[in-house]
Every structure is written in structure tokens, then in C-alpha cells.
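Comments concern the structure below.
The values are calculated or read from the model by the stated rules, or taken from the named source; none is laboratory data. Note that the structure is predicted; figures quoted are calculated from it, not measured. Here the Cβ is made from the backbone with ideal geometry for all residues, glycine too, and neighbour counts use every protein chain on show. These area figures cover heavy atoms from the full protein model, side chains too; ligands, DNA and RNA do not enter into them. Shrake-Rupley method; radii C 1.70, N 1.55, O 1.52, S 1.80 Å.
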Amino acid sequence: MNPARILRRSLVGAATLTVLVVGPAGAHPFITGGELPVDSLVTMRLSMAHGCGGDDGGAEAATTEVALEVPDWLRIVDVPDADGYTPATETAEDGTVTAVTWTVDGDGVPAPAFDLDVVASGTPGEAQYLAVFQGCGDDGYRWIGTPDEPADDPAVNVALVEADPDAPPPPPEETPAPAEDPTEDVTDEPTAEPTEDVATDDVATEDGGPPVVLLGGLVVVALAAAVVLASRRRGRGDA
């Protein structure tokens, strides 16, 4: 099952949700340094503190999948490759990244770390939180608890600080291209009606009279008759 979808379902009603975990977690995921400068393009490292289990003194299980729910105040610019894990993103219709998942493509390790190029927005001094799902096969943790919505495992705590003057400027947000209007290519010009081949004999005169060819034939017949009649008269005169 998609870990990002598992994480989103766990965020609904988190205050009353009972989360299945493998023993209590003494440590929890964190971002390196615990803070992010606002309006700055920086690389954020998300680190898992441990694998699943290990509370009875046994070995911790390797983390096989991690999902990060991306909040509105955080923009994902790039997700670099991660050693031993394959990253993937889920996006909204406008192209905004809404979740990032990492799936193991080898043996995995108990506590992997993942880099993301991000831009945080907000007011310096604000405390923000990142909801994270950590899976180890059939076991896992849902790190989603906040002061407003408590849960068995705390979300990743992030402190927003002043912009980093040494960081590169944030890239502009991409605006999705407007959908093409299929009616744009349709012109209002009328389509020419196909012309039918008309036989010459059917062509009429402009005043609606008999066809020109028919009149010509009648003239020829009349002239021939006149010639014949004149010949007969001439013959009678000779006789």
C-alpha cells in the first residue's frame, strides 16, 4: 500500500487515533539542525533516528519505506537520489509536490537519511511540523503528533528562522499552462459547397429559356431545311 496514503489517513482525527507501533519510540526523526530559513533555497536532510523494534535489546529492523507529507508552508524544488532507496513524488493538478516517498531498493538500513531541496515560507520564530511515516515491512511508525493534535509518536519539529543571505534565491514557482480550448481552431468562415459536374446539354440561358446548345441545334436544323427547300425550288425552275 502507498505509504503516503497511509500517512494521510493517519492525519485525520490524529488526536484520537491509536497508532500501531513496535514498542515505544525513545527517539524520533529530525531534520539536521532542527531549523529552516524562510524564503531561501536550501537542502533539508530528513533523518530517521532508528529502525523498527530493538526495544527488547534485539537488532532494529531496516527501514523499507518512508513518506513525507508536504505541508503548505514547504515547497519541494528537487528530490535528489538517495543511496539504497528510490524516491518518488505525488503532485497536485497545479504541479505542487504534496508527498515524497522513498522505497528501499536493496537491503536497507535501520536509520536512513534523505536530502530534499526546499523553500520554506512563514514567519521567523514559528514552530512547524512535518508528518512522516516510517515503515519496516509489516511494522512501522506514524510520526504525526503535534501540540494541537497529539498522537503516540511526535511529528518532526521544525523552527523557522531568518532568510539565509548566502543561500541562492528561490526559483520562481511554475505556473501551469492553461488548457487548450478545442474551439480555438474552428473558424467562422463558411465551408464552400461542393460543385456538381453539370453536363453541357443541361446548361440553361440566363433568362431561364431553353438551353443554349438546344437553340443552336434548332438553328442548324432550320438552315438545313431551308437549303433543301431552296434546292427543290431550283430544281422545279430548271424543269
**Q.** Flag for V161 being at pLDDT below 95 and either over 30 Å from T86 (Cβ atoms) or touching a Cys at 6+ places or on another chain (Cβ under 7 Å) (or both)
**A.** no
Q. Under 8 Å by Cβ, and 6 or more places apart or on different chains, what pairs join a residue from region 148-171 that is farther than 17 Å from L68 by Cβ and open to solvent by 50 Å² or more (accessible area, probe 1.4 Å) with one that is in a loop (DSSP other than H, G, I, E, B) and of a type in the set (A, V, I, L, M, F, W, C)?
A. D152/V19; D152/V21
**Q.** Given (1) open to solvent by less than 50 Å² (accessible area, probe 1.4 Å); (2) touching a residue at least 12 places away in the same chain (Cβ under 8 Å), index of the condition D107 fails
**A.** (1)
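Listed here are the residues, each with its yes/no results for (1) within 16 Å of R142 (Cα to Cα); (2) surrounded by fewer than 17 Cβ atoms within 10 Å (Cβ to Cβ); (3) of a type in the set (A, V, I, L, M, F, W, C).
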site	(1), (2), (3)
T43	no, yes, no
M48	yes, no, yes
G51	yes, no, no
D78	no, yes, no
A92	no, yes, yes
A99	yes, no, yes
A111	yes, yes, yes
Q: Filter region 58-74 down to residues that are open to solvent by 60 Å² or more (accessible area, probe 1.4 Å) and more than 25 Å from D138 (Cα to Cα), then give me how many there are.
A: 1
**Q.** First in region 119-142 and at negative phi and free of Cβ contacts under 8 Å to residues at least 24 places away in the same chain, second anywhere and surrounded by 13 or more Cβ atoms within 10 Å (Cβ to Cβ) and outside any strand (DSSP E or B), Cβ under 9 Å, 6 or more apart
**A.** none
Q | Unmet requirement for E184, which otherwise passes all of (1) at pLDDT below 90; (2) surrounded by 10 or more Cβ atoms within 10 Å (Cβ to Cβ) | A | (2)
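Quick one: which strands (runs of 3 or more DSSP E) sit completely within region 71-131 and have at least 2 residues that are in contact with an Asp or Glu (Cβ under 6 Å, 6 or more places away or on another chain)? It would help to see each step written out before you state the result.
On the way: elements: 74-78, 85-91, 97-104, 113-120.
By residue number, 74-78, 97-104.
Yes/no per residue for (1) at pLDDT below 95; (2) under 24 Å from P154 (Cβ atoms):
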| site | (1), (2) |
| --- | --- |
| L36 | no, yes |
| S40 | no, no |
| R45 | no, yes |
| H50 | yes, yes |
| E60 | yes, yes |
| E65 | no, yes |
| V70 | no, yes |
| G84 | no, no |
| T89 | no, no |
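What residue, among those in region 52-70 that are outside any strand (DSSP E or B) and of a type in the set (D, E), is nearest to P29 (Cα to Cα)?
So in region 52-70, the residues outside any strand (DSSP E or B) come out as 53-60, 62-64, 70.
If we keep only those that are of a type in the set (D, E) too, we end up with 55-56, 60.
On the way: D55: 17, D56: 20, E60: 15 Å.
The selected residue is E60.
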Q. Which residue out of T63, T96, T91 is touching a residue at least 40 places away in the same chain (Cβ under 8 Å) and polar (S, T, N, Q)?
A. T63
